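Engineer: The following block contains the structure, expressed as structure tokens.
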Amino acid sequence: MSTGLIVFIVIAVILAAIIIALIIIGRKAQKKQEEQQVQLDSMKQSMSMLIIDKKRMKITEAGLPQAVIDQTPKLLRRSKLPILKVRVGNRVMSLICDEKIFDSVPVKKEVKASVSGIYVTEVKGLRGKTVTPEKKKGFFKNLVAKAQEKAGAKMVK
């Protein structure tokens with residue numbers, strides 16, 4: 001056998017082992033996430049709140065209770081989380097928002113939200129509709145739109 005063929009076989013075996021390991025780790029993580037989602041849904045409460053501000057900030061700077069900061073893994077303490085500063089009744093609190101709904105959360109409006117502990121999972125407008133911001137177009141789509149505008153054609157969706 002030539003050395004090139006042996007090197008190719010060794011690389012193929014290593015890649016296959018890595019792919020199998022990633023599949024196993026991914027399944028375990030998915031099961032863990034499903035269990036956590038069931039737990040969040042069982043503890044969910046609905047409350048009305050005024051959203052004062054929303055930001056992405058480190059968990060240590062967010063103003064969350066010290067017990068929450070102590071329980072988080074050290075790697076997560078450095079990453080930025082979506083944080084909502086809200087007023088519920090006469091108390092001002094900082095809550096962690098779900099990443100999926102963070103962009104659609106209106107600021108300076110009263111909303112009805114589903115909260116599980118300090119985690120906001122769902123937001124509905126109490127007075128009026130919640131406005132979802134338009135997604136930004138990519139660089140290529142902007143170029144195509146400008147070219148079509150100059151040509152006098154309408155944008156095809």
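Engineer: Which residues, counting only those in the range 58-71, are exposed (fewer than 15 other Cβ atoms within 10 Å of the Cβ) and touching a strand residue (DSSP E or B) at 6+ places or on another chain (Cβ under 8 Å)?
Structural biologist: 58, 63
Engineer: I'd like to verify a number: residues in the range 81-109 that are surrounded by 15 or more Cβ atoms within 10 Å (Cβ to Cβ) and not hydrophobic (A, V, I, L, M, F, W, C), how many?
Structural biologist: Residues that pass the stated criteria total 6.
Engineer: Restricting attention to the range 31-45, does a residue exist that is within 28 Å of residue 108 (Cβ to Cβ) and either basic (Lys, Arg) or assigned to a strand (DSSP E or B) (or both)?
Structural biologist: yes
Engineer: What about residue 64, is it in a helix (DSSP H, G or I), at pLDDT below 90 and within 19 Å of the chain's Cα centre (by Cα)? Break it down stepwise before answering.
Structural biologist: On the way: in a helix (DSSP H, G or I): no; at pLDDT below 90: yes; within 19 Å of the chain's Cα centre (by Cα): yes.
Judged against the criteria, residue 64 is not a match.
Engineer: Can I ask one more? Just one of (1) surrounded by 10 or more Cβ atoms within 10 Å (Cβ to Cβ); (2) over 15 Å from residue 117 (Cβ atoms) trips up residue 74, so point out which.
Structural biologist: (1)
Engineer: Could you please find all residues in the range 139-157 being modelled with pLDDT of 80 or more and either surrounded by 10 or more Cβ atoms within 10 Å (Cβ to Cβ) or under 31 Å from the mean Cα position of the chain (by Cα) (or both)?
Structural biologist: 139, 140, 141, 142, 143, 144, 145, 146, 147, 148, 149
Engineer: Then there's this: Out of (1) modelled with pLDDT under 90; (2) of a type outside the set (Lys, Arg); (3) farther than 18 Å from residue 45 by Cα, the odd one out for residue 118 is which?
Structural biologist: Here residue 118 meets the rest and fails (3).
Engineer: With the condition kept exactly as written, say whether any residue in the range 96-113 is of a type in the set (S, T, N, Q) and assigned to a strand (DSSP E or B).
Structural biologist: Of the range 96-113, the ones of a type in the set (S, T, N, Q) are 104.
From the residues that got through so far, the ones that are assigned to a strand (DSSP E or B) too are none.
No, because not a single residue in the range 96-113 is of a type in the set (S, T, N, Q) and assigned to a strand (DSSP E or B).
Engineer: Additional query: Go through (1) assigned to a strand (DSSP E or B); (2) more than 13 Å from residue 118 (Cα to Cα) and name the single condition residue 92 misses.
Structural biologist: (2)
The values are calculated or read from the model by the stated rules, or taken from the named source; none is laboratory data. Because the structure is predicted, anything quoted here is derived from the model rather than measured. For neighbour counting, all protein chains shown are included, and Cβ atoms are generated from backbone atoms with ideal geometry for every residue, glycine included.
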